[in-house]
Each structure stands twice: as C-alpha cells, then as structure tokens.
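Report on one structure; see the data block that follows.
The numbers here are math on the coordinates, done by the rules we state, and not lab data. Note that the structure is a prediction, hence the values are computed from the model and not measured. Positions of Cβ are backbone-derived with ideal geometry, glycine not excepted, and every protein chain shown enters the neighbour counts.
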Amino acid sequence: MNILSIDLASRRYRDTSVRGGPSLLILDLERGTRSPLMATGANFTGVWTHDGLRFIYASNRGGDWDIYTQPTDGSRPADVLLQRPYNQFPASISADGTLIFREQHPDTGMDLWILSPDGQTVPLRVTRYNGMDGQFSPDGRWVVYTSNESGQDEIYMQSYPAGANRTPVSSRGGSKPRWSRDGRELFYIEGNALVAVPVRVDGAIGALTGYDVSPDGQRFLMTRPDPGSVPRQLNVILNWASDSAQSVPATSR
C-alpha cells in the first residue's frame, strides 16, 4: 500500500509505503527520484513543519512508537523529539512549532497531548474516551479533533490554548477533520462523504487518514477503494440445516 501526501511549498511528496512495515520516502517532482527519508525501524504518520524543511514522524526503532524529527533533505540523521512510555504519534503542528500528538495509553485509551517547542508536554484531551485526529487551525487559535464520547466518532472544536467554547461540529458521525488554509472551512469524513462546514472567526459553526486539502481549498488528495473489491453478488442458502443433516452418513450421527 502506498499513500502519497504533498507539501506544496517544497514541491515534495511524502510516500508512506507498507512493505513488511511502513517506511517514508521523499519524491522529488522535478527529477522524478525517490529516496528514503530514514531507514531504521518502521516509520509512520508524519507532518511537515510549516517551512517545509523538517519532517516529524513516529518510529518504533526504540521499541515503543516515539516521535522523531529530521531534515527533509537528508542532510543529518533523525533526532528524538519525544520519547516516553507507551506509543506516541504526531498529528498536527502550528506555525510556532507546537505539536499535537496522540498517545495510546493502556488505562485511558487514545489521548491528545501538546508538545511545546521547549519540550514541555501538557494534556489537550485526556479522558476515558478516545481522542484522535487533532488539528490546529491555520492561526493556531482553535483545535479540532475526533472523540467517541457520544457513542460514535464525532468532530469537536475548541479554542486553544484555553480550551473554552467547545463546540460539536458533526452530528451523524465524523472523522479525520482538516482545515482549509484560510481557516474559514472545516472538512471531515462522514461515512463515504466528504463534508465541508463554514467556520466564523469567533469559532461559530455554520450549517475525508486518508486525505488532505490543497492550499486553495479546491482540490483533495485521498485514497479510493478498488471497485473490484466490492462484492457484486450475494448467495443465500435456504434450508441449509436440513440439507446438512441429510448429507451426514448415518454411522456418524
């Protein structure tokens, strides 16, 4: 399985290829070359810094999944950005370098945490419910995420860093939220549909890891299921119990 995501600023793609374990490759669009970003351990689920010069990703090279950072030009080895018990996966980074990451904890499940540029960690959403898909707004004033506290995955938004004005965004299920580059729309997946919701500057809501949004908000990069994998025929067997009984030899009954 290959998943490509684009960084338009540096004209590079991130290629997440699963061949005996996920790995990350850089595709140079101008030269058409592909080169490994790193080669140690399995590497997965990364984000670009806003200047496009560094890539932040999860790796299990130390046992647990920890968070590493590395220049995208491969000029130096990876540095450990966050290493602590359990599994950590980066989700979103703000312009000032503040990172949202997801932690898999044996007691609380999936939680959302903040890693500040000075290395301090503080909880964003640590509850008995699962929190995922945390995303900063372009101006860094809001965070959206997925939570199953209602009984199913839904999208929620709250101010950052205060955490006030928490607002449900979806009501019929939702996952994988993404902001438009101007922060005026939210996109998320609802079943097989991609939903767009307008957002006002005060956070009011108006009445798709598998995709991303182009800077102009007009194009989407996403995975598409193979039509050949969808079953087109359903066979129903009637009276199977009586047929099975007749087919069993009498000596085995």
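For a quick check: sort GLU30, GLU149, GLU154 by the number of other beta carbons within 10 angstrom, fewest at the front.
Listing GLU30, GLU149, GLU154 from fewest to most nearby Cβ atoms yields GLU30, GLU149, GLU154.
Exposure proxy shown here: for SER116, SER75, the number of other Cβ atoms within 10 Å sets the order, fewest to most, as SER75, SER116. When ILE100, ILE114 are arranged by Cβ crowding within 10 Å, least crowded first, meaning fewest neighbours, the order is ILE114, ILE100.
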